[in-house]
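Before any comments, here is the structure.
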Amino acid sequence: MNIKVVTGGILEKDGKFLLVQENKGICKGKWNVPAGGLDENESLIEGAKREIQEETGCKVEVTGILEIVNEILEGVNVICFFFDTKMIDENIKADGEEIANVKWFTYEEMINRKDELRADGYFLSAIKNKIDNKIQSTEIIKTIKK
């Protein structure tokens, strides 16, 4: 079985959350949180910060863990780490190649547009954890690079 590690983050501002609209593959047109697979020799937190900047143009600081999702598909075991973040530099832009659009949504707007979300909004529970202030410390993550 193959294992894929995905890392990304939740960006919140004035009660709204930043989503990206995917521009390729089977998820083209669907809204998602900024996230993607880890690069070689990259930590979970480094990957989240990189993916968020690549997909939204924003620089963030990772401030906590909101949720870990383990999706077991035929032939692939996907482990998704969703981090809480703090905006350092808001420079919102979509690259046009991988991401078609970047937009702020309220939680209610996401619930009402669930059919437009990637995988029916598998990330909504991470956003709800943010709203409910259920944020875990990143101190439980130990990164060892050799």
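Per-structure values
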quantity: Residue 114-residue 146 FRET efficiency (beta carbon distance; Förster radius 35 Å; 0.05 resolution); calculated: 0.25
quantity: Amide H within-cut-off set for residue 57, under 5 Å, with H built and near neighbours excluded; calculated: 93
quantity: Amide hydrogen neighbours beyond the local backbone of residue 38, cut-off 5 Å, H modeled; calculated: 5, 7
quantity: Cut-off 11 Å between beta-carbons: net charge of the residues surrounding residue 77, Lys and Arg +1, Asp and Glu -1; calculated: -1
quantity: Rounded to whole Hz, the Karplus (6.51, -1.76, 1.60) HN-Hα couplings of the range 58-67, x for glycine and proline; calculated: 9, 9, 9, 10, 7, 10, x, 10, 9, 5
quantity: Around residue 94: net Lys/Arg minus Asp/Glu count, Cβ-Cβ under 15 Å; calculated: -3
quantity: Residues residue 14 and residue 89, FRET efficiency given R0 of 22 Å [Cβ-Cβ distance, rounded to 0.05]; calculated: 0.80
quantity: Within the chain, longest stretch free of exposed GluC sites (Glu not before Pro) [DSSP loop, at most 10 other beta carbons within 10 Å]; calculated: 98-146
quantity: Within the chain, percent of DSSP bridges classed antiparallel, to nearest 5; calculated: 75
quantity: Cα-derived Rg over Rh, computed across the range 1-62 with Rh taken as Kirkwood radius; calculated: 0.99
quantity: Semi-axis lengths, Å, the chain, gyration tensor of Cα atoms, sqrt of 5 times eigenvalues; calculated: 21, 18, 16
quantity: Charged-residue dipole, Cβ positions (Lys, Arg, Asp, Glu), the range 62-146 about Cα centre, Debye nearest 20; calculated: 420
quantity: Mean Cα-pair separation over length for the chain, i.e. relative contact order, pairs under 8 Å, 6 or more apart, %; calculated: 31
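The numbers here are math on the coordinates, done by the rules we state, and not lab data. Just so you know, these numbers come straight off a predicted model, no measurement behind them. Ideal geometry is used to build each Cβ from the backbone, glycine not excepted, and the neighbour counts take in all protein chains shown.
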